[in-house]
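This report concerns only the one structure given below.
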Amino acid sequence: MAESHYQKYGRKCYEKHRERYLEKQREYYKETGKELKKAAYPERWGQEIFKRYGITEEEYQDMLKEQSGLCKICGTLPKEGKRLDVDHCHFTQKVRGLLCNNCNRGLGHFKDSPTLLVEALRYLLYSGKASVNGDTNTVLIQKLCDITGHGGSCGV
């Protein structure tokens, strides 16, 4: 592997010519990086989802069709040129659905824990900052009680 400019000339030279060095990196990426990624991406992507999640491109497309191309949580379309992420259980490795990047990362930040998600919802409801489709916090609290199996009053 070729030495980097920094390795070859040292810190002082790098700092002196940093902007020029970074501009060369940006140019190289623009000229080669994106084109190479675009050329190889479709083939690699199918292999990658099979290796990571055990599903084929056809199974992904079936899931996408079943979800009408929308995120399974928030119902949004992915950004142009992007795909929905494959969401899976980190314990069982079972694929759960296709999510937008925000929802998938959100679940990850909550460690895929229903308890943490319920606590976050409780926090939002009691801070008076939540509303969904015009429902009041009281209605949302009741829905949360129903979802968690606490019936009429769950003290959420």
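The values are calculated or read from the model by the stated rules, or taken from the named source; none is laboratory data. Just so you know, these numbers come straight off a predicted model, no measurement behind them. As a convention, Cβ positions derive from the backbone with ideal geometry for all residues, glycine included, and neighbour counts pool all protein chains shown.
Per-structure values
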item	result
Selection within the stretch 32-48 - out of contact with any helix residue (DSSP H, G or I) (no Cβ under 6 Å at 6 or more places or on another chain) and at pLDDT 75 or above	Arg44, Trp45, Gln47, Glu48
Matching option when the condition is modelled with pLDDT of 75 or more and farther than 25 Å from Cys89 by Cα, among Glu57, Glu23	Glu23
Qualifying positions in the stretch 68-112 - among the polar types (S, T, N, Q) and in contact with a helix residue (DSSP H, G or I) (Cβ under 9 Å, 6 or more places away or on another chain)	Thr76, Gln93
Output for the stretch 96-116, where each listed residue is among the hydrophobic types (A, V, I, L, M, F, W, C) and either loosely packed, with under 12 Cβ neighbours inside 10 Å or not in a strand (DSSP E or B) (or both)	Cys100, Cys103, Leu107, Phe110, Leu116
Some residue of the stretch 143-152 being modelled with pLDDT under 70, at negative phi and of a type in the set (A, V, I, L, M)	no
Only listed residue being in a loop (DSSP other than H, G, I, E, B) and polar (S, T, N, Q), chosen from Gln47, Gln93, Gln61	Gln93
